[in-house]
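Chemist: Have a look at this one.
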Amino acid sequence: MCGIVAYAGPRPAAEVLIDGLKRLEYRGYDSAGIAVVVEGGPVSCVKSAGKVNALERLLRENTPELMEAAGCGIAHTRWATHGEPSDVNAHPHSDEKGKFYIVHNGIIDNYQTLRKRLAEQGCVFRSSTDSEVIAHLIARFYQGDLPRAVAAAVRQLSGTYGIAVVSPLHPGMIVAARKGSPLVIGLGEKENIAASDLAAILPSTRNVMYLNDGDLAVMTADSVEVRNFENMPIERETTRVEWSADAAEKGNYPHFMLKEIFEQPETVENAIRGRIDHEMKSALLSGLNLTPRELAEIGRIVIAGCGSSMHAGLVGEYFFEDLAGIPTEVEQAAEFRYRNPIIEPRTLVIPISQSGETADTIAAVREATAKGALVAALCNVVGSTVAREAGRGVYLHAGPEISVASTKAFTSQVTVLLLLALLFGRNRRMDRTDGARLIAEIEALPDMIRKVLEQVPEIERIAKRYAHCNDFFFIGRGPLYPAALEGALKLKEISYIHAEGYHAAELKHGPIALLDPAHPVVALANNIPGRDKMLGNIQECRARKAPVIALVTEGDAEAEALAGDVIRIPECSRYAAALPTVAALQLLAYYIAAERGCEIDQPRNLAKSVTVE
Ligand code: G6P
């Protein structure tokens, strides 16, 4: 939610910042702005409602000289919380005299109190944002030392923030601070870049430093110093990132989403690589850092996540209970945090998060840790807050996921959950033969997804036929029930079609009242336990004249005969079924959205990383 980038170095700052904003745009895209400080000159601040392209156009047409000027600067792409998307509410914000410019990601909870106090002291506010108070506070605390003024200002704030500050009084210096919103610093050759995430940094360097909550960084072209909010120096280690900048580019695909769907055979392979113990017929997940005895002592698992990550968790619940016999429940991460969860000494909490920066999931990790749970995270972004605070877990290795709608992260999460279930199962009641069988299925996953991807022409044809419909149901049973939820989520996220995922058995408890020829039903009827009942549900839908798109196992003529349209899924067990099935549903959603001319990678009102509650 909101992307920040800040640059200090010899290159034209505006160019670097605009490039960075484009790479961060998936975090928010309703308005954008930059402020550049050129040595000896005033601060140039340009802001615009709309996407980064609109800002870039404005800069190139109105201030071409700024695009070439050397200097340092800050930039922001916004996902509005306080105040509508507009030029005035776009960041950067400054004090009245234009001495301090800030960009902010997060929410200042006490902004109304601060704003009232500052207004009484004579401050004039221009925007409706919560963020503007930060600039005014810095101005009030400033006594010649910018880092000290920023530290004093952030000590007044409650809420979450990642901020970057520039001032014409300190050309060449950027001060950044974080609490609850991510900030990473890229350490380049005679240049440094701070940003909300790696995407904006990787074109310049792979050497990075992650800031922790309570860190304040003072950055110039040649140096980065980290302090706490009391101004005491802190050491933060430098790490080298494996992802390359190319991985975050679209290549020849029209959208990141399609690229990421097609990457799945490879990303699932990456999630598996090096993690199978053929000797023991088990999984090797060293990041868990648990001894066999500790594993055997786990009495209950609680999975917490949001959106697609929660859906992956719901698939995992079947794995853990079925394969390992461990009672498992899945909680929406916000619910976990606020319902005062019961954590016993033998409870393992598994937060799942692609970004590792989702506010509610971070809060769930903290709640679980405070209650003494063992916490092991499934994250994609290395070094993210969830990953670091959990301290143990399994990385997905899916590479950067840029499209707002999650695809490859979901399939990697389910794959890793299956590996975990293999490990837990072998640690308990699963014998070597069953272990070997499950390993064979896990190793076959990339090919299964590949086979689904070969059906693009058929899926595209079905998508075109149904793209005009305004309501869809997705129904499934067993592990395909969460797959139905995920299919419905994909469709509504990117095509704005009303879509609901239901357990097929629930159809008769209400939703069936809505069925008519205008309500297509996507029925997940793979040949796994529950298939016969699903065929009955399909009949019930057809009897109400609802069109049925059925996902069936290759060669299942009986199921095919019942459905109007068919997508064929390779034969597999119930453990593997969710992966190829969801890949097909991702394609269906993608081509329906494409047919409707939607902005697939950046759907309205959404953001990739939900860093506010
Ligand atoms: C947002 C994204 C979803 C994602 C969810 C959880 O809603 O649009 O695609 O599933 O956040 O994100 P996380 O990074 O925690 O997996």
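Chemist: Suppose we keep only residues that are charged (D, E, K, R) and crowded, with 18+ Cβ neighbours inside 10 Å within the range 339-382. Which one would you say is modelled with the lowest pLDDT? If you could, list the steps in order and put the result at the bottom.
Modeler: To start, the set of residues in the range 339-382 that are charged (D, E, K, R) comprises 339, 344, 346, 357, 360, 366-367, 371.
Those still in the list that are crowded, with 18+ Cβ neighbours inside 10 Å too: 357, 360, 367.
Values: Glu357: 91, Asp360: 94, Glu367: 94.
Checking each candidate, the answer is Glu357.
Chemist: Ok, one more. Could you list, ordered by first residue, the pairs with Cβ atoms under 6 Å in which the first is in the range 105-131 and farther than 18 Å from Glu84 by Cα and the second is open to solvent by 50 Å² or more (accessible area, probe 1.4 Å) and not small (Gly, Ala, Ser), at least 6 apart or interchain?
Modeler: Val124/Glu96
Chemist: Ok, one more. Just one of the numbered conditions (1) within 14 Å of the ligand (Cβ to nearest atom); (2) touching a Ser or Thr at 6+ places or on another chain (Cβ under 9 Å); (3) touching a residue at least 40 places away in the same chain (Cβ under 8 Å) is not true of Phe319; which one?
Modeler: The failed condition is (1).
Chemist: While we're on this one: Give the residue, chosen from Tyr318, Tyr253, that is among the aromatic types (Phe, Trp, Tyr), part of a helix (DSSP H, G or I) and within 25 Å of Val452 (Cβ to Cβ). Even if it seems obvious, please write down each step before you answer.
Modeler: Numbers: Tyr253 fails: part of a helix (DSSP H, G or I).
Going through Tyr318, Tyr253 in turn, just one is among the aromatic types (Phe, Trp, Tyr), part of a helix (DSSP H, G or I) and within 25 Å of Val452 (Cβ to Cβ): Tyr318.
Chemist: In this structure, is Arg148 touching a residue at least 24 places away in the same chain (Cβ under 8 Å) and in contact with a helix residue (DSSP H, G or I) (Cβ under 8 Å, 6 or more places away or on another chain)?
Modeler: Working: touching a residue at least 24 places away in the same chain (Cβ under 8 Å): yes; in contact with a helix residue (DSSP H, G or I) (Cβ under 8 Å, 6 or more places away or on another chain): yes.
Judged against the criteria, Arg148 is a match.
Chemist: Kindly indicate whether any position in the range 305-313 is over 28 Å from Ala194 (Cβ atoms), free of Cβ contacts under 8 Å to residues at least 24 places away in the same chain and either away from the ligand (no atom under 16 Å from the Cβ) or not acidic (Asp, Glu) (or both).
Modeler: no
Chemist: Given (1) farther than 24 Å from Cys598 by Cβ; (2) in a helix (DSSP H, G or I); (3) open to solvent by less than 30 Å² (accessible area, probe 1.4 Å); (4) in contact with a helix residue (DSSP H, G or I) (Cβ under 7 Å, 6 or more places away or on another chain), identify the lone condition not met by Ala523.
Modeler: Result: Ala523 fails condition (2) only.
Chemist: Hey, could you check the range 1-39 for residues that are of a type in the set (Lys, Arg) and out of contact with any helix residue (DSSP H, G or I) (no Cβ under 8 Å at 6 or more places or on another chain) and say which is modelled with the lowest pLDDT? Break it down into steps so the answer makes sense when it comes.
Modeler: As a first pass, look at the range 1-39 and keep what is of a type in the set (Lys, Arg): 11, 22-23, 27.
If we keep only those that are out of contact with any helix residue (DSSP H, G or I) (no Cβ under 8 Å at 6 or more places or on another chain) too, we end up with 11, 27.
Numbers: Arg11: 95, Arg27: 79.
Taking the candidates together, the pick is Arg27.
Chemist: Pairs, please: C-beta under 9 Å, at least 6 apart or cross-chain, first residue free of Cβ contacts under 8 Å to residues at least 12 places away in the same chain and in the range 474-495, second within 15 Å of the ligand (Cβ to nearest atom) and assigned to a helix (DSSP H, G or I)?
Modeler: Every condition considered, the pairs that remain are Lys492/Ala589.
Chemist: Can you give me the number of residues within the range 497-517 that are in contact with a Lys or Arg (Cβ under 7 Å, 6 or more places away or on another chain) and either open to solvent by 60 Å² or more (accessible area, probe 1.4 Å) or within 16 Å of the ligand (Cβ to nearest atom) (or both)?
Modeler: Total satisfying the criteria: 3.
Yes/no matrix, rows are residues, columns are (1) without any contact (Cβ under 8 Å) to a residue 12 or more places away in the chain; (2) within 27 Å of the chain's Cα centre (by Cα); (3) over 20 Å from His93 (Cα atoms):
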| site | (1), (2), (3) |
| --- | --- |
| Leu169 | no, no, no |
| Gly172 | no, no, no |
| Ala176 | no, yes, no |
| Val184 | no, yes, yes |
| Glu189 | no, no, yes |
| Ala194 | no, yes, no |
| Thr220 | no, no, yes |
| Arg236 | no, yes, yes |
| Thr239 | no, yes, yes |
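Chemist: Can you tell me which residues in the range 272-297 are among the β-branched types (Val, Ile, Thr), more than 30 Å from Glu493 (Cα to Cα) and touching a helix residue (DSSP H, G or I) at 6+ places or on another chain (Cβ under 7 Å)? Explain how you work it out, then say what you get.
Modeler: Of the range 272-297, the ones among the β-branched types (Val, Ile, Thr) are 272, 276, 291.
From the residues that got through so far, the ones that are more than 30 Å from Glu493 (Cα to Cα) too are 276, 291.
Ile276 - this is the single residue of the range 272-297 that is among the β-branched types (Val, Ile, Thr), more than 30 Å from Glu493 (Cα to Cα) and touching a helix residue (DSSP H, G or I) at 6+ places or on another chain (Cβ under 7 Å).
Chemist: Could you grab me the full set of residues in the range 257-274 that are open to solvent by 30 Å² or more (accessible area, probe 1.4 Å) and in a helix (DSSP H, G or I)? Let's see the steps before the verdict.
Modeler: If we filter the range 257-274 for residues that are open to solvent by 30 Å² or more (accessible area, probe 1.4 Å), which is where we start, we get 262-263, 266, 269-270, 273-274.
Phe262, Glu266, Glu269, Asn270, listed by residue number.
Chemist: Residues Asp516, Asp532, Asp471: which one is outside the structural domain of Lys259 (by TED's automatic domain parsing), in contact with a His (Cβ under 7 Å, 6 or more places away or on another chain) and over 19 Å from Ala583 (Cα atoms)?
Modeler: Details: Asp516 fails: in contact with a His (Cβ under 7 Å, 6 or more places away or on another chain); Asp532 fails: in contact with a His (Cβ under 7 Å, 6 or more places away or on another chain).
Going through Asp516, Asp532, Asp471 in turn, the sole match is Asp471.
Chemist: A further question follows. From the list Arg240, Arg206, Arg236, which residue is under 30 Å from Glu613 (Cβ atoms) and open to solvent by 10 Å² or more (accessible area, probe 1.4 Å)? Break it down stepwise before answering.
Modeler: Numbers: Arg240 fails: under 30 Å from Glu613 (Cβ atoms); Arg206 fails: under 30 Å from Glu613 (Cβ atoms).
Going through Arg240, Arg206, Arg236 in turn, the sole match is Arg236.
Chemist: Taking the range 396-419, which residues are among the β-branched types (Val, Ile, Thr), away from the ligand (no atom under 12 Å from the Cβ) and in a loop (DSSP other than H, G, I, E, B)?
Modeler: None; the set is empty.
Chemist: Name the single residue that is surrounded by the most Cβ atoms within 10 Å (Cβ to Cβ) among those in the range 526-574 being in contact with a strand residue (DSSP E or B) (Cβ under 6 Å, 6 or more places away or on another chain) and assigned to a loop (DSSP other than H, G, I, E, B).
Modeler: Asn526
Chemist: Of the residues Ala135, Ala90, only one is assigned to a loop (DSSP other than H, G, I, E, B) and open to solvent by less than 10 Å² (accessible area, probe 1.4 Å); which?
Modeler: On the way: Ala135 fails: assigned to a loop (DSSP other than H, G, I, E, B).
Ala90 is the lone residue from the list that is assigned to a loop (DSSP other than H, G, I, E, B) and open to solvent by less than 10 Å² (accessible area, probe 1.4 Å).
The values are calculated or read from the model by the stated rules, or taken from the named source; none is laboratory data. Treat the numbers as computed from the prediction; the structure is a model and nothing was measured. Here Cβ is always computed from backbone atoms with ideal geometry, including for glycine, and neighbour counts include all displayed protein chains. Protein only, heavy atoms only, side chains kept; ligands, DNA and RNA dropped before computing areas. Shrake-Rupley method; radii C 1.70, N 1.55, O 1.52, S 1.80 Å.
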